[in-house]
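So the structure is just underneath, and the comments pick up after that.
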Protein chains: 2
Amino acid sequence: MTENDRPLRADAARNRARVLRVAYETFAEEGAGVPIDEIARRAGVGAGTIYRHFPTKEALFQAIVADRLRQVVERARDQAATDPGEGLYAFLFHLAEQGATDLGLTEAFAGSGFDLATSLPEAEREFTTLMADMLARGQRAGTVRPDVDVDDVKTLIVGLQAMRRFRGEQAERLYPLIRAGLTPR
Amino acid sequence: MTENDRPLRADAARNRARVLRVAYETFAEEGAGVPIDEIARRAGVGAGTIYRHFPTKEALFQAIVADRLRQVVERARDQAATDPGEGLYAFLFHLAEQGATDLGLTEAFAGSGFDLATSLPEAEREFTTLMADMLARGQRAGTVRPDVDVDDVKTLIVGLQAMRRFRGEQAERLYPLIRAGLTPR
DNA sequence: TGCTAACCGGAACGAGCGTCCCGATTGTAT
DNA sequence: ATACAATCGGGACGCTCGTTCCGGTTAGCA
């Protein structure tokens, strides 16, 4: 019960929203390593203002990642409903593209100094469930090998995002190849 | 011509070798981010001693990586000579395994704050040539798709090492899958 | 309008790390 | 054995960055 229901003062609410928006962009561009002062500068506030809304830098990063994950999961749900056979592939490659423009998300998946399952267990569980679902659908539709499991898909996501992050658009050339590897012979 | 041909004093030579050996192990375990003081402590010397042999931490890291690359290339040459069809696959998966126990090497390939082609152009060229060679052999032997090029292989290496590094042995389950993707249908 | 609690910016603090410096030590040539 | 130059260890310095603190400012209510 650390909740505080009293509504924020107008300026405080404005600043909080501003910080969130700027932090979102900044983590995406620079990754989790960016200094708090840089986010404060971009948002036009003092560092103290950020710390009044988020107890640590880590907490701010988590808030952003949780939100980002929610978006990704939502999108994937639509994808899966549309085409069971393609859902998993569309999701994988979409995630890879996201990783290209969102360094923070990539780091969250890779787990560099930040364990998703520990920090955001709820979001992680939702994400895993969704993936299991899409995988099963693909396997039923015959577009995905039956011997692939959820952990394999998670591993693949890490690899795909690393390729996309470090090798740029060059990585896209490998998507068909990955798909071929996942397809039953 | 920044060379200095005068032989090192006995203690200096001993320390230099000791630092190289310890730095090798330490970068492998902890990655390029490990403090110089930690390497100095493990080697039983002062930080100043390291700086007398290597102008910067970066230079020490480069020296280690260059050596590591040389080993990898040498091993790959043997591999390629033995079995043209399997050479590329053996090399890829060997590199992935190396990445598991050698964080420094992984970082060098991924290019996180360190561009191989710029820092060690010679080693990089040799590495690239070897890869092109193995790729061509595999394609001639019919075990590798003809539409794959050297850049694709480099991208794959980044992905494989990321998988191995962040997902541990779990990554090995995907090796056959990657191979399937690379094999002509 | 005036009061006050909430909020603000940014200076200050402390920890971590790369690099430099210097008085003490030691290898080596004579 | 002696002398001197090379080398050594580790403390000092400067910088970055997360976090805290505080004197000044402002929103919201009476």
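The values are calculated or read from the model by the stated rules, or taken from the named source; none is laboratory data. All figures in this text were calculated on a predicted structure; none of them were measured in a lab. Cβ coordinates were reconstructed from backbone atoms using ideal geometry, including for glycine residues, and neighbour counts include every protein chain displayed.
Any idea how many residues of the stretch A:4-31 are near DNA strand D (Cβ under 8 Å from one of its atoms) and buried (at least 17 other Cβ atoms within 10 Å of the Cβ)?
0
Just to check your reading of the model, which residue among A:THR56, A:THR143 is of a type in the set (S, T, N, Q) and away from DNA strand D (no atom under 16 Å from the Cβ)?
A:THR143
Just for the stretch A:117-134: of the residues that are surrounded by fewer than 21 Cβ atoms within 10 Å (Cβ to Cβ) and either within 30 Å of B:ALA117 (Cβ to Cβ) or aliphatic (A, V, I, L, M) (or both), which one is nearest to the other protein chains (Cβ to nearest Cβ)?
Among those residues, the one meeting the criterion is A:ALA117.
Output the residues belonging to the stretch B:157-170 that are more than 7 Å from every other protein chain (Cβ to nearest Cβ) and under 13 Å from the mean Cα position of the chain (by Cα).
B:ILE157, B:GLN161, listed by residue number.
Do you know which residues across the stretch B:89-115 are more than 12 Å from chain A (Cβ to nearest Cβ) and hydroxyl-bearing (Ser, Thr, Tyr)?
If the condition is that a residue be more than 12 Å from chain A (Cβ to nearest Cβ) and hydroxyl-bearing (Ser, Thr, Tyr), then B:TYR89, B:THR101 are the ones that fit.
B:ASP67 fails exactly one of the following numbered conditions: (1) within 18 Å of B:SER119 (Cβ to Cβ); (2) without any contact (Cβ under 8 Å) to a residue 40 or more places away in the chain; (3) charged (D, E, K, R); (4) more than 16 Å from DNA strand D (Cβ to nearest atom). What is the number of that condition?
B:ASP67 satisfies all of (1) within 18 Å of B:SER119 (Cβ to Cβ); (2) without any contact (Cβ under 8 Å) to a residue 40 or more places away in the chain; (3) charged (D, E, K, R); (4) more than 16 Å from DNA strand D (Cβ to nearest atom) except (2).
Any residue in the stretch A:21-37 that is more than 10 Å from A:LYS57 (Cα to Cα) sitting within a Cβ distance under 6 Å of a residue that is at pLDDT 95 or above and small (Gly, Ala, Ser)? List the pairs, counting only those 6 or more apart or interchain.
A:VAL22/A:ALA43; A:ASP37/A:ALA47
Taking the conditions exactly as written (among the small types (Gly, Ala, Ser) and either away from DNA strand C (no atom under 14 Å from the Cβ) or buried (at least 19 other Cβ atoms within 10 Å of the Cβ) (or both)), does B:ALA76 satisfy them or not?
Considered against the rule, which asks whether it is among the small types (Gly, Ala, Ser) and either away from DNA strand C (no atom under 14 Å from the Cβ) or buried (at least 19 other Cβ atoms within 10 Å of the Cβ) (or both), B:ALA76 comes out as yes.
Being in contact (Cβ under 8 Å) with a residue 24 or more places away in the chain, touching a Ser or Thr at 6+ places or on another chain (Cβ under 8 Å) and more than 15 Å from A:PHE166 (Cα to Cα) is the filter here, so list the residues in the stretch B:131-163 that pass it.
Residues satisfying the conditions are B:THR143, B:VAL144, B:ARG145.
Restrict the check to the stretch A:6-22 and report whether at least one residue is within 16 Å of DNA strand C (Cβ to nearest atom), under 23 Å from A:PRO121 (Cβ atoms), of a type outside the set (A, V, I, L, M, F, W, C) and not in a helix (DSSP H, G or I).
No, because not a single residue in the stretch A:6-22 is within 16 Å of DNA strand C (Cβ to nearest atom), under 23 Å from A:PRO121 (Cβ atoms), of a type outside the set (A, V, I, L, M, F, W, C) and not in a helix (DSSP H, G or I).
Can you name the residue in the stretch B:137-156 that is more than 9 Å from chain A (Cβ to nearest Cβ) and of a type in the set (A, V, I, L, M) and, of all such residues, is nearest to A:VAL153 (Cα to Cα)?
Checking each candidate, the answer is B:VAL153.
Which members of the stretch B:34-53 meet the condition of being part of a loop (DSSP other than H, G, I, E, B), near DNA strand C (Cβ under 8 Å from one of its atoms) and either loosely packed, with under 13 Cβ neighbours inside 10 Å or of a type in the set (Phe, Trp, Tyr) (or both)?
B:PRO35
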